[in-house]
1. Go through the range 74-96 and count every residue that is farther than 18 Å from residue 140 by Cβ and at pLDDT 95 or above.
2. If you go through the range 23-47, how many residues are at pLDDT 95 or above and outside any helix (DSSP H, G or I)?
3. Within 19 Å of residue 162 (Cβ to Cβ), under 12 Å from the mean Cα position of the chain (by Cα) and β-branched (Val, Ile, Thr): which single residue out of 42, 7 fits that description?
4. Tell me, yes or no, whether the range 4-18 has at least one residue that is under 30 Å from residue 94 (Cβ atoms), buried (at least 17 other Cβ atoms within 10 Å of the Cβ) and out of contact with any strand residue (DSSP E or B) (no Cβ under 9 Å at 6 or more places or on another chain).
5. Could you grab the pairs with beta carbons closer than 8 Å, sequence gap of 6+ or different chains, first residue in the range 6-25 and among the polar types (S, T, N, Q), second one assigned to a strand (DSSP E or B)?
6. Take the residues in the range 147-171 that are out of contact with any helix residue (DSSP H, G or I) (no Cβ under 9 Å at 6 or more places or on another chain) and free of Cβ contacts under 8 Å to residues at least 12 places away in the same chain; name whichever of them is least open to solvent (accessible area, probe 1.4 Å).
7. For the range 119-129, indicate whether the set of residues that are under 22 Å from residue 66 (Cα atoms), open to solvent by 10 Å² or more (accessible area, probe 1.4 Å), among the acidic types (Asp, Glu) and touching a residue at least 60 places away in the same chain (Cβ under 8 Å) is non-empty.
8. Quick one: residue 56 ticks every box in (1) among the basic types (Lys, Arg); (2) touching an Asp or Glu at 6+ places or on another chain (Cβ under 7 Å); (3) surrounded by 23 or more Cβ atoms within 10 Å (Cβ to Cβ) bar one, so which box is it?
Amino acid sequence: MSQSHIILVRHGEASAGWASHPDPGLSKKGRLQAKNTGKGLIDLISHYQLCSSPKKRALETMEIINNENRYPIKIDSHFIEIPSGNIHKEKKNDWLMNIFTSPIEELPDTVKEWRNNLIHWLQNAEGNFIITTHFMVINVLISAILNNNVISYFHPDYASRTEIFLKNGNLEQIILGDNKKTVINL
């Protein structure tokens with residue numbers, strides 16, 4: 001019998017907008033958010049595999065949670081934010097809002113491939129994980145688990161925890177992170 005507990009932590013608030021900076025780190029507030037989340041994970045961290053998106057804000061969130069890198073962190077590109085490199089920065093906001101509400105079958109091929117890679121990772125995950133990642137990654141995974149026909153499901157707040165419990169590959173429970181209408185820095 002296999003059991004997995006996957007904790008998805010959205011990165012803390014970024015120091016710059018998504019459309020204005022390709023890879024911002026955390027703001028002062030974001031660092032505090034990560035520190036507060038880390039306090040709630042302190043008893044679990046040594047028993048979990050630590051993974052992070054390669055983006056700076058996610059890595060910084062994990063480093064703060066990991067209390068000066070006491071445990072190894074795997075940088076995993078599965079958990080990188082939604083691919084949008086070919087979208088002009090003035091159009092990113094409209095593009096993302098369209099992606100957020102488009103049926104899965106109407107998504108751009110790059111987004112479908114990114115989504116499918118995330119779902120494949122989840123279907124093959126074994127063990128316990130704490131993963132620092134992004135708003136849309138969390139949405140993709142929860143939306144897929146719940147068979148939602150769009151990529152979005154809810155609005156996880158900065159540094160919130162979304163938990164997935166699997167037993168023998170089947171969903172046992174989901175605990176959604178703080179569902180706040182947070183501003184996505186564009």
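The values are calculated or read from the model by the stated rules, or taken from the named source; none is laboratory data. This one's a predicted model, so the numbers in the text were calculated from it and none came from an experiment. Don't worry about glycine lacking a Cβ; one is built from the backbone with ideal geometry, like all the others, and counts go over all protein chains shown. The area values use the complete protein model at the heavy-atom level, side chains included, leaving out ligands, DNA and RNA. Shrake-Rupley method; radii C 1.70, N 1.55, O 1.52, S 1.80 Å.
1. 2
2. Of the residues in that region, 2 qualify.
3. The conditions single out 7.
4. For the range 4-18, residues under 30 Å from residue 94 (Cβ atoms), buried (at least 17 other Cβ atoms within 10 Å of the Cβ) and out of contact with any strand residue (DSSP E or B) (no Cβ under 9 Å at 6 or more places or on another chain): present.
5. 15/26
6. Within the range 147-171, the match that is least open to solvent (accessible area, probe 1.4 Å) is 170.
7. yes
8. The number of the failed condition is (3).
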